[in-house]
Structure formats: C-alpha cells, structure tokens
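**Student:** Got a structure for you, questions after.
The values are calculated or read from the model by the stated rules, or taken from the named source; none is laboratory data. Everything numeric in this text was worked out from a predicted model, so none of it was measured. So basically every Cβ, Gly included, is an ideal-geometry build from the backbone, and we count neighbours across all protein chains shown. The area values use the complete protein model at the heavy-atom level, side chains included, leaving out ligands, DNA and RNA. Shrake-Rupley method; radii C 1.70, N 1.55, O 1.52, S 1.80 Å.
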Amino acid sequence: MSQYDVCVIGAGPGGYVAAIRSAQLGLKTAIIEREALGGVCLNVGCIPSKAMIAATHFLHKAQHDAETMGIKISDISVDMKKLKNWKQSVCDKMSGGVGQLLKGNKVDVIMGEAQFVSSTELSLKSSKGQQAVRAKNFIIATGSRPIEIPGFKPDEKEVLTSTGALDLEKIPKRVVTIGGGYIGLEISSYLRKLGSEVTVLEAGGALLSGAADPDCVKVVERRLKKNGVNVFTKAFAKSFKKTGSTLKVTAEVNGKMETFDADKILLTVGRKPNSDQMNLSKIGLNIDERGFVKVNAQMKTNVPHIYAIGDIAGQPMLAHKASHEGVLVAEVIAGHNRVYDAKTVPAVIFTDPEIASAGWTEEECKSHGHPDLKIGKFSFAANGRAVSLMETDGFVKIIADKKTNIVLGVHIVGPEASNLISEAVLAIEMGATLEDLALSIHPHPTLGEVMMETADAALGHAIHMINRPLSGSPRANA
Ligand code: NAI
C-alpha cells in the first residue's frame, strides 16, 4: 500500500497545481488521473478551443481584412485533418509539459480511477490492477462534465458536447447550437468561420445572460449576426428527430413551436460538478443542492483532511480560479495561515470580439452598497493600435465609487480583452482609484491605452474623445 502526505485526485488546472505546490512545500505527494494530465482544460476545453479560435480568426482575417490592407490571398482553403492534428499537437505539448513539471517536482503520477473506501483510503483501478492508496490529506479536484437535457442524448456523432465539437473530422454544413452561453458562443463563432451555417437557440431572453455586462454582449451579438450566425433568444430546445440524414430540432421560440434543420447538434447548456462519483456521499461529504462539495475559505470539507477545489467546489467554474485554490490548499495543508480572500475572479469569453470582466457590474455595485458611481467608457475605435489592427469594435467600461474613485468593476469587449483584463484585476485587488489608472503612463501605441483613457473618461477628461455625460450620470464626473 502507498502512503502519502497529500493525494490529489484529478490532474486538471486545480489538481496539478495543488500537487506541484504540495511537493514544493516538501510534502510527499501523489496525483491520480483517469484520463489525461491537464484535465478538461488542456485536453478538451480551454486549450483546444483557443487553438481552433486562433486558427479561424486567422482564416477570417485573411478572407475579410487582408485585401483592404493591400494583401491579395487567393485560394484560401481549410485542411480539416491538418487543422485537427495541429490542434491536437498544441494539447499534447501542454499535457506533456504538465507531466514533466510533476515529475520534476517528484510528484508520483498514477493513471487510474480512484474511489474512496473510507475517508483515509482510496481504492485505485489502473492498468496494473487494483491498489490501495492512503494519505494524510486528500484534495478532490475532479471537476465537472456537460449537463444533458431530455431529448438530446450526446453521442458525439450527431449530438455533440464541446468534446465532440472540438474534434470534428469534417466541417458540418448545418449546426444547431443549444445554449447561448460561454461554450455555445465560442464554438459557434469558429464553426461559422469554418463555413458552417450556424443557428444558436438560447432559452433565456439574452445571450450570455448573467455571464457578462449586457452592453458588452450587444457588441458580440451584432458581430455574430454580421458574420452570419442565426441567433434566437427565448428559444427553448425540446427534442429532435432524424429524417433522412437531417436532424430536425424542435424548439419553442417566443411561445411558438419551430423546427430547425441540422447535420450536427451542439449541446452547451452548462456543466455540472462530478460529485456523484467516487463514493463522496458515502464517506459523509456535505454536498449542496446544486451538487457542489461544500468547502470553507481554506477549501476544507466537513470531513477532516479532505479538501475540494475547482469546478467541484463551486462557481465560477473557471480554470484560473481552480489553480488559485490549488496553491492555497497546498499551503493550508503545509500549515500556512491562508484563506481564500481574492476580491475578484476575472472572466473571459473568447467570442469575436472577446469579452473580459473583473469586479462588479453596475447592478452589482449598487447591491453591494455603492449607489453612486462614476462610469467611464472609451471605444477602441479611437485607439490607433486598434485601428491599425482593423479591430475597432468594442470598448472598455470602468465603474468606480463616486466619492472615493475606487475602481469596482471593469468590463471590456474588444481586441485582446483577455489580455487587457489583468491590469483591471490588479487595480481591483490593490484598491486602486481612477487616478491610479489614469496617471500610470501606458505605452503608445497599444490597446492598453484604452484602459488609461477610460479612467480619464470616468474622471470627465479623456483626451481622444469628446467627453459627454453617460446616460443617467451627470457631468458631475468632472
Ligand atoms: P452556460 O451556463 O454558460 O450557458 C448555458 C446556456 O444554455 C444558458 O444561457 C441557458 O439558458 C441555455 N439553455 C439551457 N437549456 C436550454 C434549452 N433547452 N434550449 C436552449 N437553451 C438552453 O454553459 P456552457 O456554455 O455550457 O459553459 C459551462 C461553463 O464552462 C461556463 O459557465 C464557464 O464557467 C465554463 N467555461 C469557461 C470558458 C472560459 O473561461 N472562456 C469557456 C467555456 C466554458
């Protein structure tokens, strides 16, 4: 029987980070993974989707912007087999890197499927047979999986989850996407660029509802439609049937039944935690009504020496939150006095253009006791770098407390929003004011200047725009 100080179950961005940090702190550490190192994120989620998005962005620019820039490209075509192989090589490189890091830090990597037999022992099934693993501390980092809805059983051939959609052999002619959230819109955007006819059915009244600032969503919705994606909101997918080779999807759209033809259905209606596996309830772990393992601010469950991090331990289900918790939990086990006290978890949606946010929306600021706000908004259209990239759609919006000027929320839609948001995270974590952002010299010509100009706009004196009061907020900003 193997005995460890720390045994991590699940090698996604939560688990592998927890294992590396535990080993760095001198703890004898093992990590168990049933599929591939790097988990959903590296193998069938964040990384392959970003590879597909990067490739199709390149294709779209070549088709639409190159000629305006004076570059003639003829005979553009997509070799799906090569694209798929390249995407896979990106994942393999990242997953291999995780393996090297674990090995270099002397973490024992065990490929197999674990079950708790008691709160201090796991039974592990692997290619070597059955074995027992005991540890002083267990970290559960087993993540989440796609939700299924009645009428649409994913088979990854006709009804795809993100996993199947990221691994297509051929470009499907017609795709119906069920769910206009993060995954649905990221994948729909790139499938459209590859040439599929794409229809998005979203049950709610808006795309990305609750996931992003509504003003940012409007910009993405406009671009989706411009690129030829059919978008239906208040469209609740009910069932489908196959007629010949066509999948006929029935949905209630604004109270009326309608049918949509597809060759592939993409099911992206959310994810749920994997807490119904591994005998977690049998060993007495408290699990909430949504299936999340209940943890305190040190990621401790109610069972001594068992911790949970990442998607299984609550929203938001984001890789960087899982990694943050991975470091924290290892340090807690090593005896450091740490608690989860991050002020904000940034979120990025890799649509076209990207949306990124940190901190609160206007509504949230008000509900958190900031009724009076200063809001600045500055468009990428007035930024030289954005114009030279032909990427002028979108804006940065900064929300600050009116009395103190402390930055409470930053919402970006536009080019490189995913990279620009980190400055906002730092500002919010440090309690920075609008002046801190406005008076920091930002290099020219960069997209980052928009952050500085937006802070100036909130203060009423941006240079590269005519400063007008935003609707609802008096010019008293000045
Ligand atoms: P989501 O929760 O973002 O969106 C699901 C949507 O499906 C909702 O808007 C819901 O109203 C709709 N829906 C549900 N049933 C429906 C029906 N029958 N017909 C039509 N619409 C229906 O879920 P998604 O996109 O699957 O993503 C899951 C999670 O994965 C996200 O919440 C996020 O945490 C994570 N993720 C993060 C990414 C990133 O960081 N860039 C990328 C992808 C996923």
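**Student:** Once R0 is set to 35 Å, what does the formula 1/(1 + (r/R0)^6) return for the Cβ-Cβ distance between Q130 and S209, expressed as a FRET efficiency to the nearest 0.05?
**Tutor:** The pair Q130/S209 has a calculated efficiency of 0.15.
**Student:** Could you check the spin-label model distance between M69 and W86? Points 7 Å from the Cα along Cα→Cβ, value in nm.
**Tutor:** If labels sit at M69 and W86, their model points lie 1.6 nm apart.
**Student:** Now, a different point. Mind listing the phi-derived Karplus ³J(HN,Hα) values for the stretch 303-314, rounded to whole Hz, using 6.51, -1.76 and 1.60 with θ = phi - 60°, and x for any glycine or proline?
**Tutor:** Result, rounded to whole Hz: 9, x, 6, 10, 10, 9, 9, x, 4, 6, 9, x.
**Student:** Quick query: amide H of K28 versus all other amide H atoms, modeled in the peptide plane; which residues come in under 5 Å with a sequence gap of 5 or more or a different chain?
**Tutor:** Correct list: D5, V6.
**Student:** Here is a further query. Which net charge results when you count Lys and Arg as +1 and Asp and Glu as -1 among the other residues whose beta-carbon is under 13 Å from that of A135?
**Tutor:** Neighbourhood net charge equals 0.
**Student:** Now for a different question. I want to check the label-to-label distance for D79 and R145. Put each point 7 Å from Cα in the C-beta direction and report it in nm to one decimal.
**Tutor:** Output for this residue pair reads 3.6 nm.
**Student:** Right, another one. Taking θ as phi - 60°, what are the ³J(HN,Hα) couplings along the stretch 58-72 by the Karplus curve (6.51, -1.76, 1.60), each to the nearest whole Hz, with x for Gly and Pro?
**Tutor:** After applying 6.51 cos²θ - 1.76 cosθ + 1.60, I find 4, 4, 5, 5, 5, 6, 10, 9, 4, 4, 4, 7, x, 10, 9 Hz.
**Student:** Okay, moving on. With θ taken as phi - 60° and the coefficients 6.51, -1.76 and 1.60, list the Karplus ³J(HN,Hα) couplings across the stretch 207-216 in order, rounded to whole Hz; mark glycine and proline as x.
**Tutor:** 5, 6, 5, x, 9, 7, 4, x, 5, 5
**Student:** Lysines within cross-link reach of K402: Cα-Cα under 25 Å, excluding same-chain residues under 8 positions apart?
**Tutor:** Counting by Cα, and skipping residues close in sequence, K402 has these lysines nearby: K343, K366, K374, K377.
**Student:** Per 5 Å bin from zero, what fraction in whole % of the C-alpha pairs of the stretch 9-146 is there, up to the bin with the longest pair?
**Tutor:** Percent of pairs per bin, in order: 2, 9, 16, 16, 15, 11, 8, 6, 6, 5, 3, 2, 1, 0.
**Student:** While we're here: If packing is taken as the average number of other Cβ atoms within 10 Å across a peptide's residues, how do 41-48, 452-459, 312-319, 286-293 rank, most packed first?
**Tutor:** 452-459, 41-48, 312-319, 286-293
**Student:** Which order do E169, E33, E416 take by accessible area at a 1.4 Å probe, largest first?
**Tutor:** E169, E416, E33
**Student:** Over all alpha-carbon pairs of the stretch 159-269, lay out the pair-distance distribution in 5 Å bins, whole %, shortest bin first.
**Tutor:** For the stretch 159-269, the pair-distance distribution reads 2, 13, 25, 25, 21, 10, 3, 1, 0.
**Student:** Using mean Cβ contacts within 10 Å as the protection proxy, how do 407-415, 391-399, 56-64 order, highest first?
**Tutor:** Per-residue mean Cβ counts within 10 Å order the peptides as 407-415, 391-399, 56-64.
**Student:** What does DSSP give for the chain in terms of the percent of beta bridges that are antiparallel, rounded to the nearest 5?
**Tutor:** 65
**Student:** Can I ask one more? Compute the convex hull volume of the Cα atoms of the stretch 243-383, divide it by the residue count, and report the result per residue in Å³ as a whole number.
**Tutor:** So the per-residue hull volume is 255 Å³.
**Student:** Under 8 Å for C-alpha pairs, at least 6 residues apart: give me the relative contact order for the chain, rounded to a whole percent.
**Tutor:** Answer for the chain is 14 percent.
**Student:** What Rg and what Dmax come out for the chain when only alpha-carbon atoms are used, in angstroms?
**Tutor:** 23.9, 72
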